[in-house]
Amino acid sequence: MADKKGLTYADAGVDIDAGNAMVEKIKPLVRATQRRGADAEIGGFGGLFDLKAAGFVDPILVAANDGVGSKVKIAIDSGLHDTIGIDLVAMCVNDLVVQGAEPLFFLDYYATGKLDPALGAAIVAGIAAGCRDAGAALIGGETAEMPGLYAGKDYDLAGFAVGAVERGSLLPRTDLAAGDIVFGLPSSGLHSNGFSLVRKIVADAGLSLFDPAPFASDRTLAEALLTPTRIYVRPLLQALRAGAAIKALAHITGGGFTDNIPRVLPMGLGVALDLASIPVPPVFGWLAAMGNVAEAEMLRTFNCGIGMIVVAGASEAANLESALRAAGETPIAIGKLIASSSERVAYAGRLAL
């Protein structure tokens with residue numbers, strides 16, 4: 001019997017050298033996220049963070065993980081990979097700051113069928129940019145090459161973030177009450193939710209991702225849809241540290257206003273929103289018209305122009321608004337808290353779709 005050639009991992013579709021090459025490409029990107037408490041070096045078996053060096057005295061750790069959903073398919077099909085990593089970070093760190101926590105460090109998981117070091121580095125460049133924006137160190141991650149599970153150039157991303165808040169400063173506060181004022185902070189567009197519906201509307205319309213965007217003719221449809229999720233960490237932390245009396249924050253992600261605001265309200269309280277006060281970006285009007293999507297469905301699927309909710313007492317609302325403007329935000333008063341034992345979110349007016 002003739003000697004049979006010995007198989008290698010590369011014969012099975014996994015290139016260890018490509019993985020090592022990617023690590024070398026991303027090391028400078030990772031180092032650029034260094035912050036107090038972390039040196040942002042990768043290559044070991046685990047990442048380290050020193051809470052004392054970061055200035056915390058009696059901290060509570062807050063953890064969050066998320067992905068970017070099927071928005072990643074827009075990046076894959078268009079070949080535009082440089083901002084999807086920002087989305088990944090944003091979806092995690094925005095969930096930390098709503099509890100008053102400062103993001104400390106981030107880890108990513110990147111899985112694909114065939115590893116392309118240059119493409120992987122482009123994705124990590126976006127992750128590093130998001131980490132710098134959020135003030136978080138990128139201290140580790142995992143790159144998984146899994147032929148047979150992902151077809152062609154498909155890949156998926158997941159992110160994991162840890163933050164800290166001093167004991168006694170956790171949000172939401174316990175003094176939420178009817179009459180509190182609700183502000184909205186503008187979104188940059190779709191952020192990273194509802195893309196299965198977005199992709200169906202685009203497909204049904206017969207549009208190419210390389211066509212001019214019907215709602216933003218200066219960009220291709222892919223470029224417009226890939227506008228990265230806003231990261232609200234710095235302005236909110238700045239306002240909190242300036243003494244702004246924020247009672248609660250809510251990140252408007254999947255589930256829209258309808259499902260996300262009640263998550264931070266105690267039983268017996270609801271919110272009344274004035275939809276006419278919300279500045280709705282053109283992308284939402286286009287989606288509603290092209291897909292014949294009802295307003296109620298828009299409100300439960302998309303952020304409709306508001307990516308973060310901020311709640312303050314009526315007597316503190318003016319000071320909070322000033323603090324947010326000083327931090328570079330443009331808060332919009334969109335409603336107030338109400339006593340309610342049943343309807344958690346009440347809508348008045350209509351969205352300008």
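The values are calculated or read from the model by the stated rules, or taken from the named source; none is laboratory data. Computed from a prediction, not measured in an experiment: that's the story for all the values here. Here the Cβ is made from the backbone with ideal geometry for all residues, glycine too, and neighbour counts use every protein chain on show. Side chains included, ligands, DNA and RNA excluded: accessible areas come from the protein's heavy atoms. Shrake-Rupley method; radii C 1.70, N 1.55, O 1.52, S 1.80 Å.
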- Query: When both residues are 6+ apart or on different chains and their Cβ atoms are under 6 Å apart, which pairs have a first residue that lies in region 73-92 and is acidic (Asp, Glu), and a second that is in a helix (DSSP H, G or I)?
  - Reply: 82/122; 82/126
- region 265-300, subset open to solvent by 20 Å² or more (accessible area, probe 1.4 Å) and part of a strand (DSSP E or B), residue farthest from residue 197 (Cα to Cα): 272
- Taking only region 129-139 into account, find how many residues are under 17 Å from residue 68 (Cβ atoms) and surrounded by fewer than 24 Cβ atoms within 10 Å (Cβ to Cβ). 2
- Positions within region 140-162 being surrounded by fewer than 19 Cβ atoms within 10 Å (Cβ to Cβ) and of a type in the set (A, V, I, L, M, F, W, C), in sequence order: 144, 146, 149, 151, 158, 160
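Got a number for residues in region 308-333 being crowded, with 23+ Cβ neighbours inside 10 Å and touching a Leu at 6+ places or on another chain (Cβ under 8 Å)?
Of the residues in that region, 7 qualify.
Yes or no, residue by residue, for (1) open to solvent by 70 Å² or more (accessible area, probe 1.4 Å); (2) under 28 Å from residue 166 (Cβ atoms); (3) in contact (Cβ under 8 Å) with a residue 60 or more places away in the chain:
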position: 12; (1), (2), (3): no, no, yes
position: 16; (1), (2), (3): yes, no, no
position: 50; (1), (2), (3): yes, yes, no
position: 68; (1), (2), (3): no, no, yes
position: 96; (1), (2), (3): no, yes, yes
- Go through region 163-207 and give me each residue that's touching a helix residue (DSSP H, G or I) at 6+ places or on another chain (Cβ under 7 Å) and exposed (fewer than 13 other Cβ atoms within 10 Å of the Cβ). 179
- Restricting to region 234-252, what's the tally of residues that are among the β-branched types (Val, Ile, Thr) and either out of contact with any strand residue (DSSP E or B) (no Cβ under 8 Å at 6 or more places or on another chain) or over 20 Å from residue 187 (Cα atoms) (or both)? 0
- How do the pairs read when you match residues in region 332-353 that are of a type in the set (S, T, N, Q) with residues anywhere that are outside any strand (DSSP E or B) and open to solvent by 80 Å² or more (accessible area, probe 1.4 Å), using Cβ under 9 Å and keeping only pairs 6 or more apart or on different chains? 341/267
- Message: Checking the structure you have, find out if any residue of region 180-201 is touching a residue at least 24 places away in the same chain (Cβ under 8 Å), more than 30 Å from residue 346 (Cβ to Cβ), outside any strand (DSSP E or B) and not β-branched (Val, Ile, Thr).
- Response: yes
